[in-house]
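Structure first, then comments.
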Amino acid sequence: MIDPLLVWIALACTATLFAHAAVAKALDLALFEQHLAALGVPHAALGVASRAVPAAEALAALLLFTPWRAAGAVLAVALLLLYAAVMALHVARGRTPDCGCGGEPLPVSWALVMRNGALAAVAAVAAAPMVARAMGVGDFLVVAAALLLATLLYAALHQVLRHRAVHSQRALFRRT
């Protein structure tokens, strides 16, 4: 049993991540289909996959705020681990397609595989049973502050990884 404050922080971070991911993909299905094709999804399955993935992400985000919170967290963990496995497969084969994570292009890497593993661990906390205690206004202010901090840290990590990828490509270009 975990303190509800920690569960609510994990829940808010996971729901925000998945809501953002679903919206970003749904707003540009053509680009998302390109990402899926680069990741090896067969052409015949692109239409279904490009709609099913954002729908699953939106469902995970929504379920986290219902009595089926644990199911939403399990779905989020499963999706994050699936994404990590696909990225790991490509990195192991020496391929670095864009991850399709949203925002600026970011090639898959071991750092992204580890990031998704860490995010899966956070999502798992959202499924944990909570100690019975009332949450006060102060607790929800802490959740809001933690969500803001987590969002800023996630964005900063994304930029660091993107910068690292650009720097690596430039260094490779100079060697050739």
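The values are calculated or read from the model by the stated rules, or taken from the named source; none is laboratory data. Not measured: the values here are computed from a predicted model. Cβ placement follows ideal geometry from the backbone for every residue including glycine, while neighbour counts extend to all protein chains displayed. Heavy atoms of the whole protein, side chains included, go into the accessibility calculation; ligands, DNA and RNA do not. Shrake-Rupley method; radii C 1.70, N 1.55, O 1.52, S 1.80 Å.
Within the stretch 76-97, residues that are in contact (Cβ under 8 Å) with a residue 60 or more places away in the chain have Cβ atoms under 6 Å from residues that are surrounded by fewer than 18 Cβ atoms within 10 Å (Cβ to Cβ) in these pairs: Pro97/Ala38, counting only partners at least 6 apart in sequence or on another chain.
Out of all the residues in the stretch 71-82, which are surrounded by 15 or more Cβ atoms within 10 Å (Cβ to Cβ) and either of a type in the set (Gly, Ala, Ser) or at pLDDT below 95 (or both)? Once the filter is applied, which keeps residues that are surrounded by 15 or more Cβ atoms within 10 Å (Cβ to Cβ) and either of a type in the set (Gly, Ala, Ser) or at pLDDT below 95 (or both), the stretch 71-82 yields Ala71, Gly72, Ala73, Ala76. Looking only at the stretch 12-36, which residues are closer than 21 Å to Leu141 by Cα and either small (Gly, Ala, Ser) or surrounded by fewer than 21 Cβ atoms within 10 Å (Cβ to Cβ) (or both)? The answer is Ala12, Ala15, Thr16, Ala19. Close Cβ contacts (under 8 Å, 6 or more residues apart or on different chains) running from residues in the stretch 23-37 that are farther than 16 Å from Tyr83 by Cα to residues that are part of a helix (DSSP H, G or I) and basic (Lys, Arg) comprise Leu29/Arg51.
Please enumerate the residues belonging to the stretch 93-124 that are within 16 Å of Ala38 (Cβ to Cβ), of a type outside the set (D, E, K, R) and open to solvent by 60 Å² or more (accessible area, probe 1.4 Å). Hits for the stretch 93-124 are Gly94, Thr96, Pro105.
Considering each of Arg170, Arg133, Arg174, Arg164 in turn, give the residue that is over 27 Å from Ala37 (Cα atoms), open to solvent by 60 Å² or more (accessible area, probe 1.4 Å) and modelled with pLDDT under 90. Steps first, answer last, please.
Numbers: Arg170 fails: over 27 Å from Ala37 (Cα atoms); Arg133 fails: modelled with pLDDT under 90; Arg164 fails: over 27 Å from Ala37 (Cα atoms).
Exactly one of Arg170, Arg133, Arg174, Arg164 is over 27 Å from Ala37 (Cα atoms), open to solvent by 60 Å² or more (accessible area, probe 1.4 Å) and modelled with pLDDT under 90, namely Arg174.
Can Leu11 be described as modelled with pLDDT under 95 and either assigned to a helix (DSSP H, G or I) or touching a Phe, Trp or Tyr at 6+ places or on another chain (Cβ under 7 Å) (or both)? For Leu11, the condition - modelled with pLDDT under 95 and either assigned to a helix (DSSP H, G or I) or touching a Phe, Trp or Tyr at 6+ places or on another chain (Cβ under 7 Å) (or both) - is not met. Within the stretch 98-113, which residues are hydrophobic (A, V, I, L, M, F, W, C), in contact (Cβ under 8 Å) with a residue 24 or more places away in the chain and more than 20 Å from Lys25 (Cα to Cα)? Result: Ala111, single match.
Within the stretch 43-75, if we keep just the residues that are more than 18 Å from the chain's Cα centre (by Cα) and without any contact (Cβ under 8 Å) to a residue 12 or more places away in the chain, the residue that is farthest from Asn116 (Cα to Cα) turns out to be Ala44. A single entry from Ala37, Ala22 fulfils the requirement of being within 22 Å of His158 (Cα to Cα) and either modelled with pLDDT of 90 or more or not in a loop (DSSP other than H, G, I, E, B) (or both): Ala22.
The single condition among (1) of a type in the set (A, V, I, L, M); (2) crowded, with 19+ Cβ neighbours inside 10 Å; (3) more than 22 Å from Met130 (Cβ to Cβ) that Ala60 does not meet is (3). Every listed requirement among (1) without any contact (Cβ under 8 Å) to a residue 60 or more places away in the chain; (2) over 30 Å from Pro4 (Cα atoms) is met by His158 save one, (2).
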